[in-house]
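The values are calculated or read from the model by the stated rules, or taken from the named source; none is laboratory data. In this text the structure is predicted, and so the values were computed from the model without any measurement. Accessible surface areas use protein heavy atoms only, side chains included; no ligands, DNA or RNA. Shrake-Rupley method; radii C 1.70, N 1.55, O 1.52, S 1.80 Å.
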Amino acid sequence: MKLGETLVKLVNGGARYERADPKHFDRFSSERLAFTPTRYRSVNHWKKHPPQADAYLCGSDQVWHYRSFAFIWLIKRYTDAVMLNFGSNDCLRIAYAPSFGVTKIQEKDLSWLKPKLDRFTCLSTRERSSVEMLESASQKPVEWVPDPTLLCPLSCLEAIADTHTIAPKEYFVYALGNVSVMKGRDIIDVLRTAGKSFNYTSSQFENDYEANCAPTIEQWLGLVK
């Protein structure tokens, strides 16, 4: 997983950008999240030494975007991890708000995807449009649920928001890189023409030519606030 992320960042310039403006995701996760004593480095490691638990939970975002890899053998191994295809059959398996990143599951893929879906006790998806697709593939009821970031109480977010280390300006622009009516550069041109001050950050590196701040998670929450 780490190797794949590094290769993608090297190709699109992300590694260079993060060296200059680190967002400290690893520091945040080590301080805020609880981890198992064992670090799992492969699907085989999970299968040989599965975590002892009453339930496994996976999600969200495009964790089930199985078509994001080119080689079918790699896809199958990757989905064993993100579709919890390891451990005892007695363990509950719950999918909370995963996204496929596709609008249709190909018929040829159902033969190897469905046995993995069969192991799940509860299925849900983040996109309403994916409910019918997943129900058809799994032959199980599927719930439409909000992204887990929306389950977090406002008080929890405010407790870690940093509103001091990056000076707030009139506008905060956050670009995802999705297709939109106005491009990021156009938005910035409008703000500059109007004489407005702004903080601009991006989550995807094709837009970072205009970025003027690289907030940590705490700073990003502060800018949104």
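Remarks
- Computed over region 65-200, Cα set: Rg, Dmax in Å: 20.6, 62
- When the residues Trp46, Trp144, Trp112 are ordered by accessible surface, computed with a 1.4 Å probe over the protein chains alone, the sequence from largest down reads Trp144, Trp46, Trp112.
- Rounded if a/c under 1.5, otherwise prolate or oblate - region 82-153, Cα gyration tensor axes: oblate
- Area of Lys116 that stays accessible when all protein chains are in place (1.4 Å probe, Å², to 10): 20
- Carbon + sulfur, % of accessible area of region 61-201 - ligands and nucleic acids excluded, 1.4 Å: 58
- Greater than 19 Å apart at Cα, pairs in Lys76/Lys108; Lys104/Lys183; Lys47/Lys140; Lys76/Lys116; Lys47/Lys108: Lys104/Lys183; Lys47/Lys140; Lys47/Lys108
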